[in-house]
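A.B. asks: The structure under discussion is supplied below as C-alpha cells; questions concerning it will follow.
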Amino acid sequence: MWAAPSEFRQKTAKLVKTAAALDGSEPGALADTLAPVQAACKDCHGRFKLQ
C-alpha cells in the first residue's frame, strides 16, 4: 500500500499539467516546455522511487 497516496496524486497531477503544456512547434519551444516536465518527473521519482 502506498504510504502517501494523496501526495503521489498531487505530484502526478502536476506532471499531467506540465505535459499538457508541451509545445512541439519548434525545437526551442520544446526545450523550454520540457524542463518543467523533467522537473516533475524528478520530483516524483525522488520521493517515490524504490531503493
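The values are calculated or read from the model by the stated rules, or taken from the named source; none is laboratory data. Worth saying up front: this structure is predicted, and the values here are computed from it rather than measured. When we count neighbours, we look across all protein chains shown, and the Cβ atoms used for this are built from the backbone with ideal geometry, even at glycine. Heavy atoms of the whole protein, side chains included, go into the accessibility calculation; ligands, DNA and RNA do not. Shrake-Rupley method; radii C 1.70, N 1.55, O 1.52, S 1.80 Å.
A.B. asks: So how tilted is helix 5-20 from the main axis of the chain? Cα-based, degrees 0 to 90, rounded to 10.
C.D. replies: The answer is roughly 10 degrees.
A.B. asks: What full-extension length gain, to one decimal in nm, is calculated for His45 and Lys17 as 0.36 nm per residue of separation minus the Cα-Cα distance?
C.D. replies: Stretched out fully, the His45 to Lys17 stretch lengthens by 8.4 nm.
A.B. asks: Around Val37, under 14 Å between beta carbons, what's the net of Lys plus Arg minus Asp minus Glu among the other residues?
C.D. replies: Numbers: positive: Lys11, Lys14, Lys17, Lys42; negative: Asp23, Asp32, Asp43.
Neighbourhood net charge equals +1.
A.B. asks: Mind listing which chymotrypsin sites (Phe, Trp or Tyr not before Pro) in the chain are in a DSSP loop and have 12 or fewer other Cβ atoms within 10 Å? Provide the component values of the computation, followed by the final result.
C.D. replies: Details: sites: Trp2, Phe8, Phe48; in loops: Trp2.
The qualifying sites are Trp2.
A.B. asks: Determine the per residue accessible area of the chain with all protein chains present and a 1.4 angstrom probe, expressed in square angstrom.
C.D. replies: On the way: 4120 Å² over 51 residues.
Accessible area per residue: 81 Å².
A.B. asks: Kindly provide the helix-only [θ] at 222 nm of the chain, computed as the sum of -39,500 (n - 2.57) over DSSP H runs of four or more divided by all residues, to the nearest 500 deg cm²/dmol? Before the final figure, lay out each step's value.
C.D. replies: Values: 2 runs with 38 residues, N = 51.
Counting only the DSSP helices, I get -25500 deg cm²/dmol.
A.B. asks: Between helix 27-48 and the chain, what is the angle of the helix's C-alpha long axis to the longest principal axis, kept within 0 to 90° and rounded to the nearest 10?
C.D. replies: The angle comes out near 10 degrees.
A.B. asks: Calculate the dipole size of the chain relative to its Cα centre from +1 charges on Lys and Arg beta carbons and -1 charges on Asp and Glu beta carbons; express the result in debye to the nearest 20.
C.D. replies: Approximately 360 debye in magnitude.
A.B. asks: If you roll a 1.4 angstrom probe over the protein chains with everything in place, what fraction of the accessible area of the chain belongs to carbon and sulfur, to the nearest %?
C.D. replies: Numbers: 2530 of 4120 Å².
Its accessible area is 61 percent carbon and sulfur atoms.
A.B. asks: Let me ask you something else. Would you work out the Kirkwood radius for the chain? I mean one over the mean of 1/r across all pairs of different Cα atoms, in Å. Could you put the intermediate results ahead of the total?
C.D. replies: Details: mean 1/r = 0.0848 Å⁻¹.
It is 11.8 Å.
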